[in-house]
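Report on one structure; see the data block that follows.
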Amino acid sequence: MSGQQAGARRWVSPGRRSGVAKLRAELGLTQAAFAGELGVRQQTVSEWETGRYRPRGASARLLQFFADERFVYDRHPSPPPPEPPADGGEP
(Lines give C-alpha, C1' and ligand atoms only; values in the text may rest on other atoms or scores of the structure.)
Protein backbone atom coordinates (compact mmCIF):
# COMPACT_ATOMS: atom_id res chain seq x y z
CA MET A 1 0.00 0.00 0.00
CA SER A 2 3.04 2.24 -0.61
CA GLY A 3 3.53 3.35 2.99
CA GLN A 4 0.08 4.90 3.50
CA GLN A 5 -2.56 3.56 5.83
CA ALA A 6 -5.85 2.44 4.37
CA GLY A 7 -8.26 5.36 4.34
CA ALA A 8 -5.52 7.89 5.12
CA ARG A 9 -6.11 11.32 3.64
CA ARG A 10 -3.54 12.57 1.16
CA TRP A 11 -2.85 16.22 1.82
CA VAL A 12 -1.15 16.91 -1.52
CA SER A 13 -2.65 15.67 -4.77
CA PRO A 14 -0.61 16.25 -7.93
CA GLY A 15 -2.37 18.45 -10.46
CA ARG A 16 -5.07 19.57 -8.01
CA ARG A 17 -5.36 22.05 -5.21
CA SER A 18 -3.76 20.49 -2.15
CA GLY A 19 -5.85 19.20 0.69
CA VAL A 20 -3.99 21.62 2.96
CA ALA A 21 -5.10 24.59 0.86
CA LYS A 22 -8.65 23.29 0.70
CA LEU A 23 -8.81 22.70 4.46
CA ARG A 24 -7.34 26.14 5.18
CA ALA A 25 -9.84 27.81 2.83
CA GLU A 26 -12.76 25.92 4.38
CA LEU A 27 -11.65 27.11 7.81
CA GLY A 28 -11.51 30.68 6.48
CA LEU A 29 -7.91 31.24 7.54
CA THR A 30 -5.00 32.99 5.86
CA GLN A 31 -1.77 31.06 5.47
CA ALA A 32 -0.30 33.07 8.34
CA ALA A 33 -3.26 32.41 10.65
CA PHE A 34 -3.33 28.70 9.76
CA ALA A 35 0.42 28.48 10.37
CA GLY A 36 -0.10 30.09 13.79
CA GLU A 37 -2.77 27.52 14.68
CA LEU A 38 -0.45 24.69 13.66
CA GLY A 39 2.70 26.17 15.23
CA VAL A 40 4.62 26.27 11.94
CA ARG A 41 5.91 29.05 9.69
CA GLN A 42 3.71 30.56 6.97
CA GLN A 43 6.35 29.45 4.46
CA THR A 44 5.81 25.84 5.57
CA VAL A 45 2.07 26.09 4.88
CA SER A 46 2.84 27.60 1.48
CA GLU A 47 5.26 24.76 0.66
CA TRP A 48 2.65 22.17 1.63
CA GLU A 49 0.05 23.87 -0.54
CA THR A 50 2.32 24.06 -3.60
CA GLY A 51 3.45 20.45 -3.18
CA ARG A 52 7.09 21.28 -2.52
CA TYR A 53 6.85 19.38 0.77
CA ARG A 54 4.26 17.13 2.39
CA PRO A 55 3.12 17.39 6.00
CA ARG A 56 4.53 14.60 8.13
CA GLY A 57 4.72 13.50 11.74
CA ALA A 58 2.98 15.71 14.26
CA SER A 59 1.98 18.26 11.60
CA ALA A 60 0.17 15.61 9.55
CA ARG A 61 -1.64 14.35 12.66
CA LEU A 62 -2.66 17.88 13.63
CA LEU A 63 -3.98 18.55 10.12
CA GLN A 64 -6.00 15.34 10.33
CA PHE A 65 -7.37 16.49 13.69
CA PHE A 66 -8.45 19.84 12.19
CA ALA A 67 -10.12 18.06 9.27
CA ASP A 68 -11.91 15.55 11.51
CA GLU A 69 -13.08 18.16 14.04
CA ARG A 70 -14.30 20.45 11.28
CA PHE A 71 -16.65 17.72 10.09
CA VAL A 72 -17.85 17.02 13.64
CA TYR A 73 -18.71 20.69 14.18
CA ASP A 74 -20.32 21.00 10.75
CA ARG A 75 -22.64 18.08 11.54
CA HIS A 76 -23.38 19.02 15.16
CA PRO A 77 -23.60 22.79 15.62
CA SER A 78 -23.52 24.08 19.17
CA PRO A 79 -26.90 24.70 20.73
CA PRO A 80 -27.75 28.36 21.34
CA PRO A 81 -27.17 29.65 24.88
CA PRO A 82 -30.20 29.43 27.19
CA GLU A 83 -32.53 32.39 27.32
CA PRO A 84 -32.41 34.38 30.57
CA PRO A 85 -35.56 34.09 32.69
CA ALA A 86 -38.19 36.76 32.13
CA ASP A 87 -38.00 37.83 35.81
CA GLY A 88 -34.23 38.57 35.49
CA GLY A 89 -33.26 35.88 38.05
CA GLU A 90 -30.76 33.08 37.72
CA PRO A 91 -31.61 30.29 35.25
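Some notes on this structure:
- Residues in region 25-39 that are more than 16 Å from ALA67 (Cβ to Cβ) and not polar (S, T, N, Q) were compared, and the one that is surrounded by the most Cβ atoms within 10 Å (Cβ to Cβ) is ALA35.
- Count of residues meeting criterion [loosely packed, with under 10 Cβ neighbours inside 10 Å and at pLDDT 85 or above] in region 57-91: 1
- Of all residues in region 13-56 being of a type in the set (A, V, I, L, M) and not in a helix (DSSP H, G or I), the one that is modelled with the lowest pLDDT: LEU29
The values are calculated or read from the model by the stated rules, or taken from the named source; none is laboratory data. Given the structure is predicted, the values throughout are model-derived calculations rather than measurements. Methodologically, a virtual Cβ is constructed for each residue, glycine included, from the backbone with ideal geometry; neighbour enumeration extends over all protein chains shown.
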